[in-house]
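Have a look at the structure below, then the notes.
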Amino acid sequence: MSSFETIAVDIDGGILTLTLNRPDRLNAFNRAMMAEVIAALDIADADDAVRAVIVTGAGRAFCAGADLGAGGATFDYGEGSRWSDAGSPVRSDGSVDYDHEGVRDGGGLVSLRIFNCRKPVIGAINGAAVGIGVTMTLPMDIRLTSEDARFGFVFARRGIVPEAASSWFLPRLVGMPQALRWCYSGRIFDAAEALAGGLVSAVHPGDALLPAARALAHELTDESAPVSVALTRQMLWRMAGAAHPIEAHRLDSRLVWARGSSADAREGIGSFLEKRAAHFPDRVSTDTPHFARWMDDPDYA
């Protein structure tokens, strides 16, 4: 297991728990945290013993947003991004190459990595989740929250705009009117409003949050084939943006064809007919069908 400075990672009972771990800074998001969250998800995807991921925060916050240690210059990247070593996107004539790697938003890199994860990802939001602290949770499959958590899409109040691909995720999760209301006002709201608005699935007392997240992780994965879960996660998320159901039909057809002759399919049917627990032999790391690669964008992932 890699050692980390801004997060903590624990694997137990098939669940990788990723804890944002800068409690003295309310787990504020910085470049190191960006890189380490991505690395932890790489570990989860590569380890076939990991069936699900839980993301939570240390101390009294989940993530209070971007680290504002640079003051008013926090989001002024000048000639280079603090998220990237790709060099300057500013051309010699002073214009900006907005397609340059150095322009990319660090929160967006984390959101895209969560989106591409092959394991279910559950957010256990234990406290303040503001700015990137809430937008990074949007590509997670299910969000649970503690009673005392607070949320805020505060970008307009900071003079910037929503990031971390939240303009794609948030309306799909809560609907356009609710997304606009929260983002326009930038106000802080409580767990009850997050539940009523569809942002989270359940509210728990603080000491019950992680046990509830672990129980949910087991419910989602204990009796399901890991490769099927990995593919289903990508199918549902990616088809949410499809222009026509024919795109889903093409993908469904390829994957049903590919998985229909698999050892997992034989075991799933056999265990059902024999009225016994299934023991799926296929592994996410080695047995994910070729067609899953069609769902990846190698140029911008």
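The values are calculated or read from the model by the stated rules, or taken from the named source; none is laboratory data. Predicted model, so just to flag it, every value in this text is computed and none were measured. Virtual Cβ from ideal backbone geometry, glycine too; neighbours counted across all protein chains shown.
The single condition among (1) at pLDDT 95 or above; (2) not in a strand (DSSP E or B) that ALA86 does not satisfy is (1). Please find, within the stretch 175-204, the residue that is nearest to GLU267 (Cα to Cα) out of those that are out of contact with any Pro (no Cβ under 9 Å at 6 or more places or on another chain) and buried (at least 17 other Cβ atoms within 10 Å of the Cβ). My answer is VAL200. Hey, can you tell me all the residues within the stretch 212-251 that are over 20 Å from the mean Cα position of the chain (by Cα), over 26 Å from GLY270 (Cβ atoms) and either outside any helix (DSSP H, G or I) or not aliphatic (A, V, I, L, M) (or both)? Hits for the stretch 212-251 are ALA243, HIS244, PRO245, GLU247, HIS249, ARG250. Only one of the numbered conditions (1) exposed (fewer than 13 other Cβ atoms within 10 Å of the Cβ); (2) touching a helix residue (DSSP H, G or I) at 6+ places or on another chain (Cβ under 6 Å); (3) farther than 21 Å from ALA165 by Cβ is violated by ASP207, and that is (2). GLY133 satisfies every condition listed in (1) part of a loop (DSSP other than H, G, I, E, B); (2) modelled with pLDDT of 95 or more except (1). Number of residues in the stretch 251-280 that are surrounded by 13 or more Cβ atoms within 10 Å (Cβ to Cβ), touching a helix residue (DSSP H, G or I) at 6+ places or on another chain (Cβ under 9 Å) and not hydrophobic (A, V, I, L, M, F, W, C) equals 6. So, GLY59, is that one at pLDDT 95 or above, in a loop (DSSP other than H, G, I, E, B) and not aliphatic (A, V, I, L, M) or not? Spelling it out, GLY59 is indeed at pLDDT 95 or above, in a loop (DSSP other than H, G, I, E, B) and not aliphatic (A, V, I, L, M). The one condition from (1) touching a residue at least 24 places away in the same chain (Cβ under 8 Å); (2) over 26 Å from SER146 (Cβ atoms); (3) of a type in the set (Ser, Thr, Tyr) that THR232 does not meet is (1). Just one of (1) within 30 Å of ASP85 (Cα to Cα); (2) among the hydrophobic types (A, V, I, L, M, F, W, C); (3) in contact (Cβ under 8 Å) with a residue 40 or more places away in the chain; (4) part of a helix (DSSP H, G or I) fails for ALA194. It is (1). Counting the residues of the stretch 1-47 that are aromatic (Phe, Trp, Tyr) and either buried (at least 21 other Cβ atoms within 10 Å of the Cβ) or under 15 Å from the mean Cα position of the chain (by Cα) (or both) gives 1.
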